[in-house]
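Engineer: Mind having a look at this structure? Questions to follow.
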Amino acid sequence: MEIKSYSNAWAAEIADLFYQSVHAIDPSVYTPEQKEAWAPTPPDYTAWSKRLDDKSPFVAIIDGRVAGFIELDADGHIDCTYTHPHFQGLGVASALYEYLLTEARIRDIDRLYVEASLIAKPFFEHREFVVIKKNTLQRNGVTLVNFTMEFDMTTSYPDFNTDYREDAPTIDDVEAWTGYAILEFGTSWCGHCQAAELVVKDVLVEHAKLSHIKIADGRGKKLGRIFRVKLWPTLILLKDGQEIARLVRPTGVAEVRGLLAAI
């Protein structure tokens, strides 16, 4: 699975994915009439193309197909989160959300919020979103229910991501970041990385707004070569996309706190 930025070549495929995912919901949860009001037949491809150009979602790709997508607005609003019925149960939504969470921290967003359907509500509850209110909507004379939910990123830290991303940002992406961030290079099977995980986590939970991006490294991985990574894990502290300090193979919290002393 790869998470990529939106390309308009996927517009029709995403519109179909939205339609199919809504209409695949069990009728005991949403009736056929509710699903039709939510995702009318046929999809309005022109409207979807314009919407997607505006929203520029993050897109999950599996075997060359769009498996899911998620949208993040500038104010922290998660407008859409959908997985294709053929790819459900493969962790697509979780991967998309983790990617979005990293981007939200890079953008210094303090609050995430969403209008979650009955289907999506447990997904966000599991990620520490709290229900603010229940909403009753009318679409084409049909009543729909969803829930406004939010996650405060300034007081809570999400589940620590133990996986190293294969979809590394480009050096241009990194240099465009603002504020502080940590790039961690390693692999999930690296013993030193596994040993350092709890040490790093213990310190980073004290810095809820600091972006922590874990990148899978190895032969042919360009970003690691640009940063001259030789041992795993290597943690690089960035300010406005530029390296200001690094730490290799930490074994104690004092070392990690020392790295962050530059902030």
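Engineer: Surrounded by 16 or more Cβ atoms within 10 Å (Cβ to Cβ) and either over 16 Å from residue 210 (Cα atoms) or not hydrophobic (A, V, I, L, M, F, W, C) (or both): does that describe residue 102? Give the steps one after another, and end with the answer.
Structural biologist: Numbers: surrounded by 16 or more Cβ atoms within 10 Å (Cβ to Cβ): yes; either over 16 Å from residue 210 (Cα atoms) or not hydrophobic (A, V, I, L, M, F, W, C) (or both): yes.
Here the answer is yes, as residue 102 does meet what is asked.
Engineer: Can I ask one more? Just checking, which of 96, 72, 100 is within 30 Å of residue 239 (Cβ to Cβ), modelled with pLDDT of 95 or more, under 12 Å from the mean Cα position of the chain (by Cα) and not hydroxyl-bearing (Ser, Thr, Tyr)?
Structural biologist: On the way: 96 fails: modelled with pLDDT of 95 or more; 100 fails: modelled with pLDDT of 95 or more.
Unique residue meeting the criteria: 72.
Engineer: Is it true that residue 179 is surrounded by 16 or more Cβ atoms within 10 Å (Cβ to Cβ), farther than 20 Å from residue 109 by Cβ, touching a residue at least 24 places away in the same chain (Cβ under 8 Å) and in contact with a strand residue (DSSP E or B) (Cβ under 9 Å, 6 or more places away or on another chain)? Before you say what the answer is, go through the steps one by one.
Structural biologist: Values: surrounded by 16 or more Cβ atoms within 10 Å (Cβ to Cβ): yes; farther than 20 Å from residue 109 by Cβ: no; touching a residue at least 24 places away in the same chain (Cβ under 8 Å): yes; in contact with a strand residue (DSSP E or B) (Cβ under 9 Å, 6 or more places away or on another chain): yes.
No.
Engineer: Would you please name the residue that is least open to solvent (accessible area, probe 1.4 Å), looking only at residues in region 121-132 that are without any contact (Cβ under 8 Å) to a residue 24 or more places away in the chain and of a type outside the set (A, V, I, L, M, F, W, C)? Give the derivation first.
Structural biologist: So in region 121-132, the residues without any contact (Cβ under 8 Å) to a residue 24 or more places away in the chain come out as 122, 126, 129-132.
Applying the additional criterion that residues be of a type outside the set (A, V, I, L, M, F, W, C) yields 122, 126.
Values: 122: 74, 126: 127 Å².
In this case the residue turns out to be 122.
Engineer: Sticking with this structure for a sec: From 135, 146, grab the single residue that is under 24 Å from residue 68 (Cα atoms), open to solvent by 20 Å² or more (accessible area, probe 1.4 Å), assigned to a strand (DSSP E or B) and out of contact with any Gly (no Cβ under 7 Å at 6 or more places or on another chain).
Structural biologist: Working: 135 fails: under 24 Å from residue 68 (Cα atoms).
The match here is 146.
Engineer: Out of the residues in region 35-92 that are part of a helix (DSSP H, G or I) and of a type in the set (Gly, Ala, Ser), which is least open to solvent (accessible area, probe 1.4 Å)? Let's see the steps before the verdict.
Structural biologist: Taking region 35-92 and keeping what is part of a helix (DSSP H, G or I), we get 35-38, 45-55, 85-87, 92.
Within this subset, residues satisfying the condition of being of a type in the set (Gly, Ala, Ser) are 37, 47, 49.
Working: 37: 11, 47: 51, 49: 39 Å².
Among residues in region 35-92 that are part of a helix (DSSP H, G or I) and of a type in the set (Gly, Ala, Ser), the one least open to solvent (accessible area, probe 1.4 Å) is 37.
The values are calculated or read from the model by the stated rules, or taken from the named source; none is laboratory data. The structure presented is a predicted model; accordingly, all values stated were derived computationally and were not measured. Counting neighbours? That spans all protein chains shown, and the Cβs are built from the backbone with ideal geometry, glycine included. These accessible areas exclude ligands, DNA and RNA; they are computed on the full protein's heavy atoms, side chains included. Shrake-Rupley method; radii C 1.70, N 1.55, O 1.52, S 1.80 Å.
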